[in-house]
1. Under 8 Å for C-alpha pairs, at least 6 residues apart: give me the relative contact order for region 9-64, rounded to a whole percent.
2. Taking the number of other C-beta atoms within 10 Å as the exposure measure, put GLU72, GLU134, GLU110 in order starting with the fewest.
3. Explain nothing, just the number: relative contact order of region 48-113, from Cα pairs under 8 Å at least 6 residues apart, as a whole percent.
4. Where a ≥ b ≥ c are the square roots of the eigenvalues of the C-alpha gyration tensor, would you call region 1-134 rounded, which needs a/c under 1.5, or, failing that, prolate if a/b is larger than b/c, or oblate?
5. With θ taken as phi - 60° and the coefficients 6.51, -1.76 and 1.60, list the Karplus ³J(HN,Hα) couplings across region 65-70 in order, rounded to whole Hz; mark glycine and proline as x.
6. Determine the dipole magnitude for the chain: charges of +1 sit on the beta-carbon of Lys and Arg, -1 on that of Asp and Glu, nothing else is charged, the reference point is the Cα centre, and the result goes in debye to the nearest 20.
7. Per DSSP helix of 4 or more residues, -39500 (n - 2.57); summed, then divided by the residues of the chain. What does that give at 222 nm, rounded to the nearest 500?
8. Would you please classify the overall shape of region 7-82 from the alpha carbon gyration tensor, given that a ≥ b ≥ c denote the square roots of the eigenvalues, rounded means a/c under 1.5, and beyond that prolate means a/b larger than b/c while oblate covers the rest?
Amino acid sequence: MKPSSIVTITADIMFPFIMIFGAYIILHGHLTPGGGFQGGAVIASGVILLLIAHNIREIESLISLQMLKNAEAIGLLLFGLSALVAVFFGSGFFTNWLVNTGSLFGAPIEYGPNPGYLNTGGVIPIMNIAVGLEVLGGLSIILILMLRGVQPDNGGESE
């Protein structure tokens, strides 16, 4: 059964906003409630919305399983490397080696209350991005494989 055009058009309109909101949750995870897992789940829900509103074969032509597997692998690799780099700097595993360096995500902050800035999390935003990629890939793969097992409705007609 094909979804109505209202569902399809609404899904197409909402999809970019869901992606942007998920990216916002991932990137602001060190400042606000949220982070990689929550943002990855929001982005995966955007993929689910497309799967519901369109034919699964159409979506698989745009978003392949291999692309999702690569996102999952990149997320895992990025998470592990960001934790391991601290060891090469002479610190412990998972040490926030990027904080107060003045580089990307390493802007120094003064002690005490501050409003929080996006560029002050050190390694934490990088790890949030890695977890977001991992969750996006994992949840999307699971749902695509589950939907492959659903047989199309033939409207009650016998074959």
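Values quoted throughout were computed directly from the atomic coordinates according to the rules given, and no laboratory measurement underlies them. Quantities reported herein were computed from a predicted structural model and do not represent experimental measurements. Don't worry about glycine lacking a Cβ; one is built from the backbone with ideal geometry, like all the others, and counts go over all protein chains shown.
1. Numbers: 47 pairs, mean separation 18.8, N = 56.
Contact order relative to length: 34 percent.
2. Values: GLU72 19, GLU134 22, GLU110 6.
Fewest-to-most ranking of GLU72, GLU134, GLU110: GLU110, GLU72, GLU134.
3. Details: 32 pairs, mean separation 8.3, N = 66.
Relative contact order for region 48-113 comes out at 13 percent.
4. Details: a/c = 4.23, a/b = 1.94, b/c = 2.18.
Since a/c reaches 1.5 but b/c is at least a/b, the shape of region 1-134 is classed as oblate.
5. Coupling constants for region 65-70: 4, 5, 5, 5, 5, 5 Hz.
6. Values: 4 positive and 9 negative charges, 58 e Å.
Its charge dipole is roughly 280 debye.
7. Computed mean residue ellipticity for the chain: -21000 deg cm²/dmol.
8. On the way: a/c = 3.50, a/b = 1.36, b/c = 2.57.
Verdict is oblate for region 7-82.
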